[in-house]
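The values are calculated or read from the model by the stated rules, or taken from the named source; none is laboratory data. If you're wondering where the values come from, they're calculated on a predicted model, not measured in any experiment. As a convention, Cβ positions derive from the backbone with ideal geometry for all residues, glycine included, and neighbour counts pool all protein chains shown.
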Amino acid sequence: MNKKKIGIIGVTGSVGSSSVEVVAANSDLFDTVFVTAHQNMQGLEKAKNLLNAKYAVLTSSPESSRQILDIINNEMVDIVLFAAAGVSVVRLVYDIVKNGTHIALANKESIVTAGSLIMNEAKNSGAKILPVDSEHSAIFQCLLGQQKQYVSKITLTASGGPFRHRPKEAFNYINKKEALKHPNWSMGSKITVDSATMMNKGLELIEARFLFDMKSEKLDVIIHPESIIHSYITFTDGSTIAQLGMPDMKTPIAVALGYPDRINSTVQPLNMWEQKSLTFFKPDLQKFKCLKIAVDVLKTDSNALMTAMNAANEQAVYAFLKEKIVFKDIPDVIEEVLGKVEIQDAETIDEAEANIIKYQKAAEEITGRL
Ligand code: NDP
Ligand code: MG
């Protein structure tokens, strides 16, 4: 059997490192053609050597996107695992999809910003977008063999993050160290803060809207603190199908890279008898203002608003990580930027990129004066 030729973008990050473990455990199945990092040369070299990759690319160099696309085409790469963080990579996601190359996609910011543009290109080019985000991997798995017309609801589960029990009034005193401590998942710092504000779930609702072409009315969120059920689908006949597993990104990475086969993820399967109980709660939208903002933006279906929300959130989270603003400022920055948006939806990737820059600047101005 021919090995699958793969590339990993963002190999030095949290998802990237998990993917190195999965690929290394399946060296008979994968041939790693290239790996990328943004700045971390040492980590990049380490991953290159571990996976015996042919090329290592630093994406902070201006020519890197062209270089990556050339490698993909010259080496006939089958699938690219996209594990870079943030919206600045949206053009590269778009270009790889347009090129017709399958993507195992962890980066949610690109879909939130340019979901319909990317999905349209995928339709035209035949590129498959295989979700790596654990909730979307769960939905993808629950939908296998099903017909979309029979889906009545898709429910994304959320752990609720570290501040589920923290009273709203105490949100004023949350510091960076607390926000970076997630109860169940170990992740990069941006997404960990997003989980603490619950913007992560908001971004994921929008991600699901595009990845599965679902109307906002059919998308819902539930708090499930154990993070064992990764999402579930209710069908029109009253059946519910859920996907369960340990909270470990190596499982969804293995699902996406192995598809349509099932491969070794190195993750231990669940022992149901060790799982004393699975609990569920309604999210508190008064307390988690970021989730409420995202739910409202999702309903508008406007990509200008989605782009503005995502860009403002990203700037606000980076400002929070630099301790320039406090935790409770994050939703306020996003709301202020959204208040300034002229709803002019992007119809091309150039327009989408122009919107990102515009709303990043608006958010920077606000975080600068706070
Ligand atoms: P990390 O911050 O841990 O890693 C980010 C990776 O992207 C690093 O390899 C980094 O390189 C690289 N990178 C940073 N900036 C750029 C850039 N401008 N262009 C290209 N590459 C860049 O992030 P995570 O692994 O936590 O998350 C990655 C993506 O996956 C995010 O979009 C996140 O929302 C999503 N995701 C993450 C999950 C998780 O468990 N962590 C779960 C579900 C989704 P360098 O090290 O050189 O800086
Ligand atoms: Mg997720």
query: Within the range 186-204, is there a residue that is more than 16 Å from ligand 1 (Cβ to nearest atom) and either among the small types (Gly, Ala, Ser) or outside the structural domain of Met309 (by the TED database) (or both)?
result: no
task: Check whether at least one residue in the range 67-82 is within 16 Å of ligand 2 (Cβ to nearest atom), under 21 Å from Leu257 (Cα atoms) and touching a residue at least 12 places away in the same chain (Cβ under 8 Å), and report yes or no.
output: yes
message: If a residue counts only when it is in the same structural domain as Phe235 (by the TED database), which helices (runs of 4 or more DSSP H) contained entirely in the range 74-174 have at least 1 such residues?
response: 134-143
field: In the range 84-137, residue surrounded by the most Cβ atoms within 10 Å (Cβ to Cβ) [restricted to those that are in contact with an Asp or Glu (Cβ under 6 Å, 6 or more places away or on another chain) and without any contact (Cβ under 8 Å) to a residue 40 or more places away in the chain]
entry: Val97
message: Would you confirm, using the coordinates I've provided, whether Leu69 is under 21 Å from the mean Cα position of the chain (by Cα), assigned to a helix (DSSP H, G or I) and surrounded by 15 or more Cβ atoms within 10 Å (Cβ to Cβ)?
response: no
- request: Tell me which residues, restricted to the range 178-213, are under 14 Å from Val295 (Cβ atoms) and not acidic (Asp, Glu).
  value: Thr197, Met198, Met199, Asn200, Lys201, Gly202, Leu203, Leu205, Ile206, Ala208, Arg209
message: Among the listed residues Met41, Met1, identify the single one that is modelled with pLDDT under 95 and either more than 16 Å from ligand 2 (Cβ to nearest atom) or outside the structural domain of Ile72 (by the TED database) (or both).
response: Met1
field: Some residue of the range 218-226 being in a helix (DSSP H, G or I) and surrounded by fewer than 20 Cβ atoms within 10 Å (Cβ to Cβ)
entry: yes
